[in-house]
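Quick one: this structure, given as structure tokens, is what I'll be asking you about.
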Amino acid sequence: MRFVARRIMAGAVAVALGVAWSVTELPLSASAMPPSPSWTSDFPMDVTSGGVAVDRHGDAYVSGTRGEFEHSVAVLRKVDADGAVVWVRSWRPWGRARVAGGPVALGRDGSIYLAGSVGSSHFEGGGWFLRKYGSDGSLLWAREEPGWRHGRTGDFPTGLAVSRGLVLLAGSFEGCCGDFRIFDGWVRAFGVDGSHRWRAPYEAPGLGAYSDEAEGVAAGAGGAIFVSGWAALGPESDMVAAPHELFLQRLDRTGQVIWSRVYQDTAHLDQHFGTDLAVHGDALMISALVDGHPVADRYGGRPGHAWLGRFTLGGDLVWSREWDRSWTGASQPVELTIDGRGRTFVAGTVRDPSDHGLDAFVRAFARDGRLRWQLRLEERQRSMVGSGIAWGGHGLSAIGEATGFQGRALRGYLWRVPDA
């Protein structure tokens, strides 16, 4: 994907949207041999809805979902540095409800935060939930979005982060049926005691009448908050599509916007624009699926490909990388993480032409964007979907899901990859 600063509107709106920069593309280095996973753990849980976080001791916290529809349960597992399960916690509301375990994040005091979606099996729509656990798995508090039991809400969470006494939840409202604003992004902040602090709309300057979706949130130094997602450049509905472009925001601790940037590429109709972000020092890293459909969608048209960019904390693009653009070998990044030396690790899914299936992948990039190594993870499964990645305890923890017919979840996997 090649971002180009160009005007699409007149006056002040065009100034807000058009962003100029100079990009220096560095050649990729010859990749080293990838490290082999030191161990693999598998469990009966769908991790495609969830995430993974790792503490300084190397203990991993994996979230996801068990069961289907009104019998579904949100699950959180703690796995120690040797791959043994320490404890498992699960939650489902009373009555006929559907629930999915989503992103997970860690507090400085060792607490664990689990977010996810919850909805009634009787109604459309749904809402978010947020739960805080102690390091021993004890539930400290729980919050749910009011109204989900009666279909009065349509929110779903996609990102979670902890920053200096704030718990940050990013997500979007999903409309329906001819509404020209199908998605409407938002960011919420809670105190570590569970109190609600503020809600900020995720709006692109001059494009507030169109759809947008907040997909990732990250915390930087000094309480800075960064949000990634996409914004539509025109009206759309369930029958009308518009181009989607990468949209970034920086907020302060009160939810006020410091800057907003829409990064325009070519005129191709980007309809699947999943993003994730991470911050380390002066580097803001963004991954995205661009220029096509998800790689697991065999009948949706041209598959997208992987994109990774490094930005300054002011929102300027420093360098970008693209890979796996072929139909048979297309890649889709899902999540990224940064280690203490500024290296970026990207996890996702890649098509496997040898068996016409899917593999999970991990790629390691140096600070200057050079590819250090790449690793495929399949565990003798024809279809393995990459779901998440986290750095901590001197190594990487990656999660993936073995899938069956029509993408049905079969079994979750956790890999520990040693430092390299």
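Where a number appears in this text, it was derived from the coordinates with a stated rule and is not lab data. It should be emphasised that the depicted structure is a prediction, and the values quoted were computed from it without experimental measurement. Positions of Cβ are backbone-derived with ideal geometry, glycine not excepted, and every protein chain shown enters the neighbour counts.
With θ taken as phi - 60° and the coefficients 6.51, -1.76 and 1.60, list the Karplus ³J(HN,Hα) couplings across the stretch 216-221 in order, rounded to whole Hz; mark glycine and proline as x.
Running phi through 6.51 cos²θ - 1.76 cosθ + 1.60 with θ = phi - 60° gives x, 9, 9, 10, x, 5 Hz.
When the chain is treated as a GNM, springs tying every alpha-carbon pair under 10 Å, which of Phe273, Phe129, Phe405 comes out with the largest mean-square fluctuation?
Phe405
What are the ³J(HN,Hα) values, in whole Hz, obtained from phi via the Karplus relation 6.51 cos²θ - 1.76 cosθ + 1.60 with θ = phi - 60°, for each residue of the stretch 378-388 in sequence order, with x given for Gly and Pro?
Ordered by residue, 3J(HN,Hα) equals 9, 6, 6, 9, 5, 10, 10, 9, x, 10, x Hz.
Near the amide H of Ser163, under 5 Å away, which other amide H atoms are found, from residues 5 or more places off or on another chain, if H is placed in the peptide plane?
Leu168
Quick one: 3J(HN,Hα) in Hz for the stretch 359-368, Karplus 6.51/-1.76/1.60 with θ = phi - 60°, rounded, Gly and Pro as x.
10, 7, 9, 10, 10, 10, 10, 6, 4, 8
Using the number of other C-beta atoms within 10 angstrom as an exposure proxy, rank Ile338, Ile389, Ile112 with the fewest first. It would help to have the intermediate numbers written out before the result.
On the way: Ile338 20, Ile389 29, Ile112 24.
The order, fewest Cβ neighbours first, is Ile338, Ile112, Ile389.
Next up: Report the extension gain between Arg380 and Ala241 in nm, rounded to one decimal, defined as 0.36 nm multiplied by the number of residues separating them, less their alpha carbon distance. Show your work: numbers first, answer last.
Details: separation 139, 0.36 × 139 = 50.04 nm, distance 3.85 nm.
Fully extending the segment from Arg380 to Ala241 adds 46.2 nm.
Using a Gaussian network model of the chain with C-alpha springs under 10 Å, which one of Pro303, Pro103, Pro44 is most mobile by mean-square fluctuation?
Maximum fluctuation in the GNM of the chain, among the listed residues, is at Pro44.
Calculate, in nm to one decimal, what Glu68 and Ser90 gain on full extension: separation in residues at 0.36 nm each, minus their alpha carbon distance.
Length gained between Glu68 and Ser90: 6.5 nm.
Looking at the chain as a GNM with Cα springs under 10 Å, which of Arg310, Arg199, Arg351 has the largest mean-square fluctuation?
Comparing Arg310, Arg199, Arg351 in the GNM, the peak value goes to Arg199.
Related question: Summing +1 for each Lys or Arg and -1 for each Asp or Glu, what net charge is found among the other residues whose Cβ lies under 14 Å from the Cβ of Arg343?
On the way: positive: Arg310, Arg321, Arg341, Arg363, Arg367, Arg370, Arg372; negative: Asp339, Asp368, Asp419.
Net local charge, Arg343 excluded: +4.
Next question, about the same structure. Quick check on the exposure proxy: order Val290, Val346 from fewest to most C-beta atoms within 10 angstrom. Mind dumping the intermediate values first?
Numbers: Val290 24, Val346 27.
Ranking Val290, Val346 by Cβ neighbours within 10 Å, fewest first, gives Val290, Val346.
Among residues other than Glu213 whose Cβ falls under 10 Å from its Cβ, what is the net charge (Lys/Arg +1, Asp/Glu -1)? The partial results should precede the final answer.
Details: positive: none; negative: Glu174, Asp184, Asp212, Glu215.
That works out to -4.
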